[in-house]
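Before any comments, here is the structure.
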Amino acid sequence: MTDFTHFNEEGRAKMVDVSDKEVSTRIARASSSVEVTEDIYKAITEDKIKKGDVLSVAQIAGIMAAKNTHQIIPMCHPLSLSGVDISFSWDTGSRYLLNIVTEVKTKGQTGVEMEALTAASAAALTVYDMCKALDKGMIIHETRLISKSGGKSGDYTA
């Protein structure tokens, strides 16, 4: 059974003390996706969104979100990230789905899963924000951890 380390002796929330953990390379990958209409797909791919280059802005938003995760997720530690990368790909089979994959790296005492998930979420939300004037019916689909490596709990792959 896992010990819950986010509670103090009074049963109140606390930030976990990671000072005794070993420093290791930590990498996490996460994904999200945004389902859009054909019109929005064409507007994004033909760079016709009035607010600007949607994927470039979403990329910057995701990077900024990863760097600032500790400011919005209460128990996250502020981390010195060594890298954040975000990639986009389209699935235009039966619908218009923008797939977002993030990868976050650090060398430290705690993992970067939350930073990768936050980056994916912020990138998806940015796509929605930049395109909502065309259609508010876009759907942000599942955001999930794809993989993580490093640390005491070892590697994980979905």
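The values are calculated or read from the model by the stated rules, or taken from the named source; none is laboratory data. Please read all numbers here as calculations on a predicted model, not as lab measurements. Virtual Cβ from ideal backbone geometry, glycine too; neighbours counted across all protein chains shown. Surface accessibility is based on the protein's heavy atoms, side chains included, excluding ligands, DNA and RNA. Shrake-Rupley method; radii C 1.70, N 1.55, O 1.52, S 1.80 Å.
Here is how the numbers come out for the structure above:
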read-out: Single residue of segment 79-98 satisfying the filter (assigned to a loop (DSSP other than H, G, I, E, B) and not basic (Lys, Arg)) that is least open to solvent (accessible area, probe 1.4 Å); value: 79
read-out: Only listed residue being over 20 Å from residue 6 (Cβ atoms), within 11 Å of the chain's Cα centre (by Cα) and at pLDDT 95 or above, chosen from 113, 103; value: 103
read-out: Criterion violated by residue 82 - all others in (1) over 16 Å from residue 29 (Cβ atoms); (2) more than 15 Å from the chain's Cα centre (by Cα) satisfied; value: (1)
read-out: Options 101, 54; residue that is buried (at least 16 other Cβ atoms within 10 Å of the Cβ) and either over 23 Å from residue 158 (Cα atoms) or in contact with a Leu (Cβ under 6 Å, 6 or more places away or on another chain) (or both); value: 54
read-out: Hits in segment 22-50 - residues which are open to solvent by less than 20 Å² (accessible area, probe 1.4 Å) and either in contact with a Phe, Trp or Tyr (Cβ under 6 Å, 6 or more places away or on another chain) or of a type in the set (Ser, Thr, Tyr) (or both); value: 32, 33, 36
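This table checks each residue for (1) surrounded by 17 or more Cβ atoms within 10 Å (Cβ to Cβ); (2) assigned to a helix (DSSP H, G or I); (3) touching a helix residue (DSSP H, G or I) at 6+ places or on another chain (Cβ under 7 Å); (4) of a type in the set (A, V, I, L, M, F, W, C).
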position: 115; (1), (2), (3), (4): yes, yes, yes, no
position: 118; (1), (2), (3), (4): yes, yes, yes, no
position: 127; (1), (2), (3), (4): yes, yes, yes, yes
position: 133; (1), (2), (3), (4): no, no, no, yes
position: 136; (1), (2), (3), (4): no, no, no, no
position: 142; (1), (2), (3), (4): no, no, no, no
position: 148; (1), (2), (3), (4): yes, no, yes, no
position: 153; (1), (2), (3), (4): no, no, no, no
